[in-house]
Each structure stands twice: as structure tokens, then as C-alpha cells.
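Novice: One structure is given below, represented as C-alpha cells, and several questions about it will come after.
The values are calculated or read from the model by the stated rules, or taken from the named source; none is laboratory data. None of the values given here were measured: they were computed from a predicted structure. Every residue, glycine among them, receives a Cβ derived from its backbone with ideal geometry; neighbour counts consider all protein chains shown.
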Amino acid sequence: SLSRKHFKNIFILQPSSSSKTRLPSTSVLLVSGTIYQNGKPTTTTASMRKSGSKDFLLLSDQICSSMQFAFARSTAVTRAWRSCKATHAGLDNADTEVKLDTQTLLLYNMNPRTSTFRDFFKTELKNYSPTNYYYYFGKISKISNFAKQVNNSAWLTMLSVMVYAVLSQMVQNS
């Protein structure tokens, strides 16, 4: 909730002490790693590295399917999983974007913005290797949160606090 403050006929909205900062409804994890196939590092073809190509999409589908299968024992991640796609493919590595439902994770006491969750995510991926010919991440080089995923309520709160701070400084200086 928001409370009102009055400065010389200007009303400012600011967060009240009872308001809680909400996480965005969708959490985005950026996962980068070395591409493996059949238990060994592998290299991609030129067409696999071309974003949008049929081979790139196949690589994306296989890496994402492998990642999703890695969490088959985790009810929380399985239920929270929304989407996955490769965003880049290099000679032997790839970057992916995984979207998870934040509220579902929180129901299972998992906060996707914490290093504990990222460590759990990394461990599950490292411990998984498919038995078929699928591409997967054999080594994880980085897992990070996508910082730009912020909901409107959070933006309003941040904007209100910034405006309040600026106007407070102006009042003190006058």
C-alpha cells in the first residue's frame, strides 16, 4: 500500500511501512554452458550457430528439453517451468533463457533471486546427462537472473521513492 506525504501543495506517493516488495511473476534465468552429446563435449555446425535456422532451433529444443528433464524429480521447478529457448550458440557453447513462474517457486520455499536457488539449479543440471543423443549442458559456466524482469508495481514503488528523495532534497535546499 502507499501513503501520502504533503510538501507545499505537492502530494507524493511513497511506500508505506507495511508494503512488501513483490518479485516479478516470471523469473528469467540466463544459463550458459558447454554443449555435450553422448557424455562428451561437442562442437556445433555453422548452421546450428545461425540464430533462427532449423538447426539452431533443433539445438535449442534439445538443450531445453534436457534441462527440463534434469528437474524431473523437482516438483517445484517442474510446475514452475514456463519456457526455455537458446539465445546464442557458439562453436562449443550456448546461452539459454529459462522462464519460471515465481509464485509457484515461492510456494515451495524457493526464491529464484537467490544464489542458493541458482546453485541448486546448477547442481541439478550438472548431475544430468541424457541417455539418448540429445544435446545438453555438460558444464555450466554461468547462471544469472535477468534483472530487467520487473513488474509494474515494483516500478511504481521505485519511481515513487526516487521522486520522494528528489523533492525532499529540494525542500531541504530551499
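Novice: List the number of the failed condition for residue 1; all other conditions in (1) of a type in the set (S, T, N, Q); (2) buried (at least 17 other Cβ atoms within 10 Å of the Cβ); (3) modelled with pLDDT under 50 hold.
Specialist: Tallying (1) of a type in the set (S, T, N, Q); (2) buried (at least 17 other Cβ atoms within 10 Å of the Cβ); (3) modelled with pLDDT under 50, residue 1 fails exactly one: (2).
Novice: Could you tell me which of the residues 51, 65, 83 is assigned to a helix (DSSP H, G or I) and either more than 22 Å from residue 139 (Cβ to Cβ) or among the small types (Gly, Ala, Ser) (or both)?
Specialist: Within the list 51, 65, 83, the selection yields 65.
Novice: Also, quick follow-up: Of the residues in region 88-121, how many are over 13 Å from the mean Cα position of the chain (by Cα) and either of a type in the set (S, T, N, Q) or assigned to a helix (DSSP H, G or I) (or both)?
Specialist: Of the residues in that region, 9 qualify.
Novice: Also, quick follow-up: So, in region 68-80, of the ones that are in a helix (DSSP H, G or I) and among the small types (Gly, Ala, Ser), which residue ends up surrounded by the most Cβ atoms within 10 Å (Cβ to Cβ)?
Specialist: It comes out as 80.
Novice: Among the residues that make up region 55-75, is at least one of them more than 29 Å from residue 108 (Cβ to Cβ), among the hydroxyl-bearing types (Ser, Thr, Tyr) and either modelled with pLDDT of 95 or more or touching a Phe, Trp or Tyr at 6+ places or on another chain (Cβ under 6 Å) (or both)?
Specialist: No - not one qualifying residue is present in region 55-75.
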